[in-house]
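Peer 1: Can you keep this structure in mind? I'll have questions shortly.
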Amino acid sequence: MFAMQYSFLLPADYDMKIIERRIADRGHLTDHFAGLNFKAYLTARREGGKVSSQDNFYAPFYLWNTLEGLNNFVCGDGFDGVSKAFGRAQIKTWIVWHSQVLGDAKSSQFATRAIRPIDPREELRDLRREATEHVENDVREGALASVCGFEPTTWSQVRFALWRAPPSLAGAQFFELAHLSLP
């Protein structure tokens, strides 16, 4: 499995209703996308959102079951369309250590994402074990989906979760979930 995210930092005065309309009009296009476990259409608002953010963002997060699905999306009409609208974004990808998606994930309204560097002295086997524990703990705490993975080029770790209500987590970027595409 692979996790993937790209994001667009939008101006402070950007009309976020443009993003809402885009998601409402196009979000269904990735429902049932081959190889996709889920796509979370995420936004963060500087003002007027359900959670606070320092900036306006449009930042979809994907969990892919297959590399072929990821490639078909990035090299296809989906990513081409968003690139034409906002410019080609840098795509962050992570190899997934552990994930869990519950059957009622569709009822999620919020997401959290934390990215941290992996220190060269940290044992990867320990981090992998901790990732499994983190996912299981998220689910016990009410997460409807949780993903932990790593990226071995820059050595970073991602922790991502979907929630019904915004949790109280320090050090995470909070997002609102506008649409969730599932298989």
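Peer 1: Which residue out of Ser99, Ser83 is within 18 Å of Met1 (Cβ to Cβ) and polar (S, T, N, Q)? Talk me through it step by step, then tell me what you get.
Peer 2: Working: Ser83 fails: within 18 Å of Met1 (Cβ to Cβ).
Step by step, each of Ser99, Ser83 is checked, and only Ser99 is within 18 Å of Met1 (Cβ to Cβ) and polar (S, T, N, Q).
Peer 1: Out of the residues in segment 74-90 that are open to solvent by 50 Å² or more (accessible area, probe 1.4 Å) and assigned to a loop (DSSP other than H, G, I, E, B), state the one that is nearest to Gln173 (Cα to Cα). Write out each step before concluding.
Peer 2: From segment 74-90, those open to solvent by 50 Å² or more (accessible area, probe 1.4 Å) are 75, 77, 80, 84-86, 88, 90; that's our starting set.
From what is left, the residues that are assigned to a loop (DSSP other than H, G, I, E, B) are 75, 88, 90.
Details: Cys75: 28, Arg88: 22, Gln90: 18 Å.
Among them, the one singled out is Gln90.
Peer 1: Being in contact with a Pro (Cβ under 9 Å, 6 or more places away or on another chain) and either of a type outside the set (Phe, Trp, Tyr) or modelled with pLDDT of 95 or more (or both) narrows it down to one residue among Ser83, Ser146, Ser156, Ser99; which is it?
Peer 2: Ser156
Peer 1: Ok, one more. I'd like to know if segment 115-124 contains one or more residues that are at pLDDT 95 or above, of a type outside the set (A, V, I, L, M) and within 17 Å of Ala172 (Cβ to Cβ).
Peer 2: Taking every residue of segment 115-124 in turn, at least one turns out to be at pLDDT 95 or above, of a type outside the set (A, V, I, L, M) and within 17 Å of Ala172 (Cβ to Cβ).
Peer 1: Hey, can you tell me all the residues within segment 16-52 that are open to solvent by less than 70 Å² (accessible area, probe 1.4 Å) and in a loop (DSSP other than H, G, I, E, B)?
Peer 2: Met16, Asp31, Phe33, Gly35, Arg45, Gly49, Val51
Peer 1: Let me ask something else about it. What residue, of Ile115, Ile95, is part of a strand (DSSP E or B), open to solvent by 60 Å² or more (accessible area, probe 1.4 Å), out of contact with any Lys or Arg (no Cβ under 6 Å at 6 or more places or on another chain) and over 21 Å from Asp55 (Cβ atoms)?
Peer 2: Details: Ile115 fails: over 21 Å from Asp55 (Cβ atoms).
Going through Ile115, Ile95 in turn, the sole match is Ile95.
Peer 1: When you check Leu144 against the structure, is it touching a Lys or Arg at 6+ places or on another chain (Cβ under 7 Å) and either crowded, with 16+ Cβ neighbours inside 10 Å or over 24 Å from Asp25 (Cα atoms) (or both), yes or no?
Peer 2: yes
Peer 1: Next up: Quickly run through segment 53-73 and pick out the residues that are touching a residue at least 40 places away in the same chain (Cβ under 8 Å), more than 13 Å from the chain's Cα centre (by Cα), surrounded by 13 or more Cβ atoms within 10 Å (Cβ to Cβ) and under 21 Å from Pro183 (Cβ atoms).
Peer 2: Asn65, Leu70, Phe73
To keep it simple, each residue is scored yes or no on (1) assigned to a strand (DSSP E or B); (2) over 23 Å from Leu127 (Cα atoms).
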| residue | (1), (2) |
| --- | --- |
| Gly149 | yes, no |
| Thr154 | no, no |
| Ala170 | no, no |
| Leu180 | yes, yes |
| Pro183 | no, yes |
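Peer 1: Would you be able to say whether some residue in segment 49-68 is over 30 Å from Thr153 (Cα atoms) and among the aromatic types (Phe, Trp, Tyr)? Walk me through it before giving the result.
Peer 2: Pass one, segment 49-68, residues over 30 Å from Thr153 (Cα atoms): 49-52.
Next cut, among the aromatic types (Phe, Trp, Tyr) only: none.
No: segment 49-68 contains no residue that is over 30 Å from Thr153 (Cα atoms) and among the aromatic types (Phe, Trp, Tyr).
Peer 1: Could you list, in sequence order, all residues of segment 137-183 that are without any contact (Cβ under 8 Å) to a residue 24 or more places away in the chain, farther than 21 Å from Val96 by Cβ and among the charged types (D, E, K, R)?
Peer 2: none
Peer 1: While we're looking at this one, here's another question. Among the numbered conditions (1) in a loop (DSSP other than H, G, I, E, B); (2) crowded, with 17+ Cβ neighbours inside 10 Å, tell me where His134 comes up short.
Peer 2: Unmet condition: (1).
The values are calculated or read from the model by the stated rules, or taken from the named source; none is laboratory data. Computed from a prediction, not measured in an experiment: that's the story for all the values here. For neighbour counting, all protein chains shown are included, and Cβ atoms are generated from backbone atoms with ideal geometry for every residue, glycine included. For accessibility, only protein heavy atoms count, side chains too; no ligands or nucleic acids. Shrake-Rupley method; radii C 1.70, N 1.55, O 1.52, S 1.80 Å.
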